[in-house]
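Worksheet: one structure, shown below.
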Amino acid sequence: MLKIENLHARVEGKDILKGLSLEVKPGEVHAIMGPNGAGKSTLGNVLSGREGYEVTEGSVLFEGRNLLELAPEERAAAGVFLAFQYPVEIPGVNNTYFLRAAYNAQRKARGEGELDSMQFLKLVREKLKIMQLSPDLLNRAVNEGFSGGEKKRNEIFQMALLEPKLAILDETDSGLDIDALKQVAEGVNALRSPERSFIVVTHYQRLLDYIVPDHVHVLAGGRIVESGDRSLALKLEEHGYAWVAEHGEPAGASA
Amino acid sequence: MNQPARPPFVAALAEAPLPASGVAWLDKARRENLDAFVAAGLPDTRVEAWKYTALRALSQRSFAAGDAQALSRDIDPALLALAGIEGPALVFVNGVYRADLSMLDALPAGVDLQPLSHALAADPESLRFTLSRHYREPGDAFARLNGAFAHDGAVLRVAAGAKISVPLRLVFVGAAAGAEIAWHVRHLVELGEGAELTLIEQHLGAGEQAHLGTQLGDVTLHADATLHHVGLQQAGAGSSLVRRSHYRLGARAQTHLHALELGGTLARHDLRAELVGDAAGFHGHGAFLPDGRQHMDIQLAIGHQARNTVSSSTWRGVASGRGRGVFRGAIVVNTGADGADAVLGNKNLLLSPQAEIDTKPELEIYADEVKAAHGATVGQLDERASFYLRSRGIPEPQARTLLTTAFARAPFESLASERLREHIDQLLLARLPA
Ligand SMILES: Nc1ncnc2c1ncn2[C@@H]1O[C@H](COP(=O)(O)OP(=O)(O)O)[C@@H](O)[C@H]1O
Ligand SMILES: [Mg+2]
């Protein structure tokens, strides 16, 4: 599904990703852990096509297509979804309007029919229930005045609605209490399927008690320095990231 | 001594015949206004109020005074429809009242609404105070011009205590004529004690034209009156429109203004609010969207003259193409206006590298215990917001439109009428195509 090879990326003249390789197969859940400043969010931004993130070397194939030459909206329509570490507040843009515009734009780009507002509202109500979000969030502006937890759950709600093939969750767990964390995990687990893949970026292994990953990677200094199964997350928890620096390859500059 | 040559603009109007009223004081006032206009001419950019709006190009053009065929110009009734809002309306074409297009037969009790031309014929004396005013500031050229030539417009009086639920409309249409013409309208609005009114003012264009229109308005609110004033400026492409509105608010009187500026090649709007009674309030909200080669200049001046007066103003500018916007917001809290509360904000968005907006908030305080805040920004579309929308599949042009519309719409969220809010949304969406 996703094949990243020797990816190098630069932000504001600074090399952040330095030879990252990762392969994600359909249905797999990959966890990426790593210290602050390791480049985890940079990876998510590069994969979803944010401006200012310059790829200087390497390749990214998504279902055999060169992902890097697509615009962000084309990547979304192709099935890539990023749950933002910091969801953006957009005053004046109504949430329902936004969701329908996004939903229909993706369908249109794929040559599928659009939903009218009645059909769409029905769909939205179903998905809202899964995330236990209050329906009045729909009438507010996108993320405006949402609590930290609401913003994160709103990201997962959007994911449930848009049904991507590959979802990248960027620290969706940080700042959540245990109940909200469980809800987020339930939302993700409900979407797990043999065709859908996840990259779960997290700083803590706590989330991985609820979203059980197939693979765990440690990202440090702009590359994957260690890969393993679930037990790697537990080792990290026990020994901290310093352990990685000793056992992994030299990680280069780590912020 | 050699007189400097008059620019064509001034020369053409200097020789134009003044409207004859048969009322001695009015004829005299018109003559004095014209003389003052001719003597001073058009202001240049050294005059503070015209610093960012150069009138050089305008001064080289000559306009005929008025439209002799204004009564017979064909106007498509569809142009005059407004979001299904029915009710009394006064319609003017090239500055002249059109009974055939207006609706005056269902006036609610307590409302006296008539064209200025009729009011002058019936009872000129009641208009004397306002119509014999002199304009002495160096930037007052268009007010003088209007004082000299305006012979029509609207006179609207609402009786004390009358709470009018139907909105009243004043519609000013610039219509194609053989030549470039200058037309002028004057309006006088007076709300008696405790009266309440919604007034919708529209400027529209019918056909290709490069007219100059001027408008001068005096709006007086007596104690405890409330005015909801909505201004939709959609003057025709190519036209120049110079407007000036004076609001005078008595004790506890409140004005809620929502003003959208979309049309015209040159659109200037002076808004002056004098809060003369204790606890009077002026709440102004507006947006201006210069595109192409449009130039829009909003000059807001609020004078706090009495205790515990309140003013809150938010204006937003969106400039695209080679559009140029100017916003000057001046608040003066005079001696004795203790306890005044004044807030003024102006945010602007530039959508193209050639677009420009100059904004200048000014604040002068001479009273005690005053709360005042003002701020202005000029920026570009929020890249993070745009990426967020695109990452969900919304194409880039649509993301821009969504964000821009959201930005420009903000001042109108406080507009009570949902119909008008939706109408304004439509106008904004049509203006900012995906
Ligand atoms: N938009 C940006 N502008 C400047 N520097 C950035 C930007 N995004 C990331 N960086 C830098 O790249 C490095 C990695 O950041 P990030 O990918 O956010 O790390 P992580 O998500 O692992 O904490 C940091 O040094 C950060 O300062
Ligand atoms: Mg991060």
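For the peptides B:120-129, B:133-142, the ranking by packing is B:133-142, B:120-129, with the highest mean count of neighbouring Cβ atoms within 10 Å listed first. Computed from the Kirkwood radius of its Cα pairs, the Stokes-Einstein diffusion coefficient for chain A at 25 °C and 0.890 mPa s stands at 131 µm²/s. A cut-off under 14 angstrom between Cβ atoms defines the neighbours of residue B:93, and their net charge, with Lys, Arg +1 and Asp, Glu -1, is -3.
Equivalent ellipsoid of segment B:275-434: semi-axes from √(5λ) of the C-alpha gyration tensor, largest first, are 33, 16, 14 Å. Qualifying GluC sites (Glu not before Pro) in segment B:359-408, where qualification requires a DSSP coil assignment and no more than 12 other C-beta atoms within 10 Å, comprise B:369.
Counting only DSSP beta bridges whose two residues both lie in chain A, roughly 60 percent are antiparallel.
The mean number of Cβ atoms from other chains found within 10 Å of a Cβ in peptide B:381-388 is 6, as a whole number. Taking each DSSP H run with n ≥ 4 as -39500 (n - 2.57) and averaging over every residue of chain A yields -11000 deg cm²/dmol at 222 nm. A Förster radius of 41 Å combined with the Cβ-Cβ distance from residue A:63 to residue B:426 puts the calculated FRET efficiency at roughly 0.50. Rounded, prolate or oblate: which fits segment A:18-85, taking a ≥ b ≥ c as square roots of the Cα gyration tensor eigenvalues, rounded meaning a/c under 1.5, else prolate when a/b beats b/c? Cα axes put segment A:18-85 in the rounded bin. Between beta-carbons, use under 10 Å as the cut-off and find the net charge around residue A:62, counting Lys and Arg +1, Asp and Glu -1. With Lys, Arg at +1 and Asp, Glu at -1, the neighbours total +3.
GNM on chain A, alpha-carbon springs under 10 angstrom: the most fluctuating residue among A:152, A:18, A:129 is A:129. For segment B:8-431, the square roots of the Cα gyration tensor eigenvalues, ordered a ≥ b ≥ c, give a/c below 1.5, which places it in the rounded category. Shielding value for B:393-404 is 6, the average number of Cβ atoms from other chains within 10 Å of each residue's Cβ. Full extension of the chain between residue A:114 and residue A:55 yields a length gain of 17.8 nm, computed as 0.36 nm times the residue separation minus the alpha carbon distance. Computed extension gain for residue A:71 through residue A:209, at 0.36 nm per residue and net of the alpha carbon distance, reaches 46.2 nm. Counting only the Cα atoms, the protein assembly as shown fills a convex hull of 199 Å³ per residue. For segment B:367-387, no residue has its backbone nitrogen under 20 Å from a point 7 Å from the Cα of residue A:107, taken along Cα to Cβ.
Looking only at other chains, what is the average number of their beta-carbon atoms within 10 angstrom of each beta-carbon in A:122-132?
Taking the mean over all residues of the peptide, I get 0.
For an R0 of 25 angstrom, estimate the FRET efficiency from the Cβ-Cβ distance between residue B:136 and residue B:45 and round to the nearest 0.05.
Working: r = 20 Å, r/R0 = 0.80.
The value I calculate is 0.80.
Top mean-square fluctuation among B:148, B:24, B:399, Gaussian network model of chain B, C-alpha springs under 10 Å? Per the Cα network of chain B with a 10 Å cutoff, B:24 tops the list.
Beyond 30 Å in Cα-Cα separation lie the following of the pairs A:18/A:127; B:163/B:360; A:165/B:347; A:182/B:347; A:129/B:347; A:122/A:151: A:18/A:127; B:163/B:360; A:165/B:347; A:182/B:347; A:129/B:347. Extending each Cα 7 Å along its Cβ direction at residue B:373 and residue B:61, get the distance between those two points in nm, one decimal. Taking the simple label geometry, residue B:373 and residue B:61 are separated by 4.2 nm. Using a simple spin-label model with pseudo-atoms 7 Å out from Cα toward Cβ, residue B:237 and residue B:160 lie 5.2 nm apart. Site pair residue A:123 and residue B:27 shows an inter-label distance of 7.5 nm when each label is modelled 7 Å from Cα along Cα→Cβ. In this structure the amide hydrogen of residue B:228, modeled in the peptide plane, comes within under 5 Å of the amide hydrogens of B:197, B:198, B:199, B:256, none closer than 5 places in sequence on its chain. Take every pair of alpha-carbon atoms less than 8 Å apart whose residues are at least six positions apart; their mean separation over the length of chain B yields a relative contact order of 9 percent.
Only the coordinates and a few stated rules stand behind these numbers; no lab work does. Nothing here was measured: the structure is a model prediction, and the numbers come from that model. Every residue, glycine as well, gets a Cβ built from its backbone with ideal geometry; the counts of neighbours run over all protein chains shown.
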